[in-house]
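**Q** Structure incoming, see below.
The values are calculated or read from the model by the stated rules, or taken from the named source; none is laboratory data. Source: prediction; values computed, not measured. So basically every Cβ, Gly included, is an ideal-geometry build from the backbone, and we count neighbours across all protein chains shown. Please note that ligands, DNA and RNA were not included when accessible areas were found on the heavy atoms of the full protein model with its side chains. Shrake-Rupley method; radii C 1.70, N 1.55, O 1.52, S 1.80 Å.
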Amino acid sequence: MLRATIERALTACEETARRVGVSRREFLLSICGAATTLAMLSACAREAHRADPHRVTSEPGGAYLIPTDAMVEPDLAHQVIGGDEFVFDLQGHLLEYHLNPVFNGQDFWTRFPQQNCGESDPRVCFSIDHFMELMFLRSDTSMLVLSALPIYPEGSPLSPRIMNETRLIAEGLCRDKRVLLQGQALPNVGRPEVMLDGMESTARRYPIAAWKTFTHFPAVFEGNGDAWWLDDHDPSLPQVGERFIRKARELDIPTISIHKGLSGGSPYASPMDVGPAARRHPDVNFVIYHSGFESGVSEGPYTWATRNVGVNRLIRSMKRAGIGPNQNVYAELGSTWWYVMRYPTQAAHVLGKLLKHVGEDNVVWGTDCLFYGSPQDQIQAMRSFHISTEFQERYGYPELTKHIKAKILGLNGARVYGIEPITTGCEFTRRELEQIRRQLPGRNRTLGPETRAEAERIRHHHREEIATS
């Protein structure tokens, strides 16, 4: 189906481009080109669905509602896939390799399509400069959270210092506070006391708005079983979940973002621990990155038989713990929407299930960009997506109204972070960006630990490296 969509979209765009007197490339980059691509995707999904002998509904569960005229009339295309709603991305990433000597995360960039941006050194594709351009000039995103990655902190290309520099650059260019920072927390790496001290040190030095953690790190990369759970339910693993959550609350930063799903085969990325932890800590916000989605799972309705796969695992964990919709568990869409938006029926199930069981006030926007380039295609797809009436009636999914989409794209996230939405754009040139970067203080500073906890963390890391070498 995807191959047919690409072929049909290219043909349609070429014919329309010739008719209006522009190149195919120029038309593909236009809003009418985006509308045409979504229309072709819906058409191909509809044909594939009708050819499926096992279908249970007359039409696909989801569709992109693109009027035919929107493929040639920019004003109509803007009405369908454009918008002026608040877009707040809760999962933004970059990789800045030239600011630090890199000890960890050297090859992290090789996992993502942004490496094909056209730079002679593909690592440059993930830089602060590209991030600022793709997020704020080439998309309708007006605020974002810089989110930590599963990379050891020493020499990370997304260290707290690099995050903070990005924040300062955005403030210098936009004259407002549209970039928020997460603090990385790895409670099972090293001694827990050092980790807890490190959280306090990070929060004291930087304006940390939330924490980011990974229960499957570093086990997912090293295959050593070094993992943990939020609810400490497995006595054979480090009992650090409760201590970590209490520390976040003690520091008055009670929003915790946890990578769940997209597991790389690790069982420790399951969201089975989310419900019990949320039940025990009703005053903490648990933002579940990726919503438990797995790229190898075909998403369908939530049933007893499928309760332990994909997004259903998160719903099951909440149900078992008695956590209902719109309480203190939030479902985030980073990478998840990017995967399922090309499969309209799966997309309808994912959004429908999350809105029904996690709550229309608790589904939050994230894209994992710039790993996939500009998030504008994801935003446009969300604006025009529709859950079929059949799916609404059969599974109890809500209608995707403009109001609900506005909640997902930004308003729900604003409530979690307690922020006043910034809805104005930020316009700047590459030259202005370069000037701001040169003016930032500390450009020639020698890098290294500045507190006892940081020094101990580095010593511990090197002792482990020596022991395993």
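**Q** Quick check on the chain: helices-only [θ] at 222 nm, where DSSP H runs of length 4 and up contribute -39,500 (n - 2.57) each and the sum goes over total residues. Nearest 500, please. Mind dumping the intermediate values first?
**A** Values: 19 runs with 186 residues, N = 469.
My calculation for the chain gives -11500 deg cm²/dmol from helical runs alone.
**Q** Normalise the Debye intensity by I(0) for the range 104-174, one equal point scatterer per Cα, no solvent, then take log10 at q = 0.15, 0.17, 0.28 Å⁻¹ and round to two decimals.
**A** -0.54, -0.70, -1.41
**Q** Need the list of aspartates and glutamates near LYS356 for cross-linking: C-alpha distance under 16 angstrom, and skip anything on the same chain fewer than eight residues off.
**A** GLU299, GLU332, GLU390, GLU393, GLU399
**Q** Return the FRET efficiency for the residue pair LEU440, ARG46: r is the Cβ-Cβ distance, R0 is 60 Å, and the value is rounded to the nearest 0.05. Can you show the working numbers first?
**A** Working: r = 52 Å, r/R0 = 0.86.
Computed FRET efficiency for LEU440 and ARG46 comes out at 0.70.
**Q** What is the percent carbon and sulfur in the accessible area of the chain, measuring with a 1.4 Å probe over the protein chains and ignoring ligands?
**A** Values: 10030 of 20300 Å².
Ligands and nucleic acids excluded, carbon and sulfur reach 49 percent.
**Q** Of the cross-linked pairs LYS319/LYS407; LYS260/LYS407; LYS247/LYS405; LYS247/LYS353; LYS177/LYS353, which ones have a Cα-Cα span greater than 30 Å in the structure shown?
**A** Details: LYS319/LYS407 23 Å; LYS260/LYS407 22 Å; LYS247/LYS405 34 Å; LYS247/LYS353 32 Å; LYS177/LYS353 33 Å.
Correct reply: LYS247/LYS405; LYS247/LYS353; LYS177/LYS353.
**Q** What does the accessible area per residue of the range 191-258 come to in Å², with a 1.4 Å probe and no ligands, DNA or RNA counted?
**A** Values: 2730 Å² over 68 residues.
Heavy-atom SASA per residue in the range 191-258 reads 40 Å².
**Q** May I ask you to evaluate 6.51 cos²θ - 1.76 cosθ + 1.60, the Karplus curve with θ = phi - 60°, for each residue of the range 80-95 and list the ³J(HN,Hα) values in order in whole Hz, giving x for glycine and proline?
**A** Working through the residues one at a time gives 8, 10, x, x, 10, 6, 6, 10, 10, 8, 7, 9, x, 9, 8, 9 Hz.
**Q** Scan around VAL363 for amide H atoms under 5 Å from its own, H built in the peptide plane at 1.01 Å from N, and keep only partners 5 or more places away or cross-chain.
**A** Those qualifying (amide H under 5 Å, at least 5 residues apart or on another chain) are ALA331.
**Q** Please flag any cysteine in the chain that has no other cysteine's Cβ under 4.7 angstrom from its own Cβ.
**A** Unpaired cysteines in the chain: CYS13, CYS32, CYS44, CYS369.
**Q** Under 17 Å between alpha carbons, and skipping anything fewer than 8 positions from LYS402 in its own chain: which aspartates and glutamates qualify?
**A** ASP84, GLU85, ASP140, GLU360, ASP361
**Q** Please report the antiparallel percentage of DSSP beta bridges with both residues in the chain, rounded to the nearest 5.
**A** Details: 3 of 26 bridges.
The answer is about 10 percent antiparallel.
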